[in-house]
Structures are given as structure tokens and as C-alpha cells.
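Notes to accompany the following structure.
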Amino acid sequence: MNAPDNTDDTDGTGMTDEEKRRDQLTSAPDAVESDADPRIDVTHREGVTRIDIRDDADVRPGDPTKEPPGR
């Protein structure tokens, strides 16, 4: 048996990471397409990776009973 060829960014499922993410986030019984909208921005620069929570993300980390600063 040969190992799968992963040169096209897929695994044995034939799905990319983004397709698997969308599939997982929209498979719940009450899920809607917007559940798979991006929530973070990742920037790679000069050996540094920066992860920012998007301002338009519906789901954000932190205390859900308090407004985030600047809102």
C-alpha cells in the first residue's frame, strides 16, 4: 500500500485544511454558514508570527459579560 501524496495540501480525505475547518464548523445541527467565517488574522514577518482577533469576529475570547475595551 502506498502512502498518500500530500503535495496538494490535502490528506486522505481529499480536503484542504480550510475545507475541513469549514466542514467541521458547519456540521452541527443548528450551524449556519457564517459559523465558519474567519475569526483571526495571522501575519508572518521577519521570523515573527502575529495572531490578531478580527474586529468583525462574532466569537471573541474573554469575558462574555463585559464589553471589550474600545467598544
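Note on the range 5-20: among residues that are open to solvent by less than 70 Å² (accessible area, probe 1.4 Å) and either part of a loop (DSSP other than H, G, I, E, B) or closer than 16 Å to Val59 by Cα (or both), the one that is modelled with the lowest pLDDT is Asp11.
Which pairs have Cβ atoms under 6 Å, sit 6 or more apart or on different chains, and link a residue in the range 11-40 that is aliphatic (A, V, I, L, M) to one that is part of a loop (DSSP other than H, G, I, E, B) and open to solvent by less than 80 Å² (accessible area, probe 1.4 Å)? Listed pairs, sorted by first residue: Ala36/Thr26.
With Val59, Val48, Val42 as the choices, which residue is modelled with pLDDT of 85 or more, closer than 21 Å to Asp17 by Cβ and open to solvent by less than 100 Å² (accessible area, probe 1.4 Å)? Step by step, each of Val59, Val48, Val42 is checked, and only Val42 is modelled with pLDDT of 85 or more, closer than 21 Å to Asp17 by Cβ and open to solvent by less than 100 Å² (accessible area, probe 1.4 Å).
The values are calculated or read from the model by the stated rules, or taken from the named source; none is laboratory data. Remember, it's a predicted structure, so these values are computed and weren't measured experimentally. Counting neighbours? That spans all protein chains shown, and the Cβs are built from the backbone with ideal geometry, glycine included. In case anyone asks, the SASA skips ligands and DNA or RNA and just uses the protein heavy atoms, side chains included. Shrake-Rupley method; radii C 1.70, N 1.55, O 1.52, S 1.80 Å.
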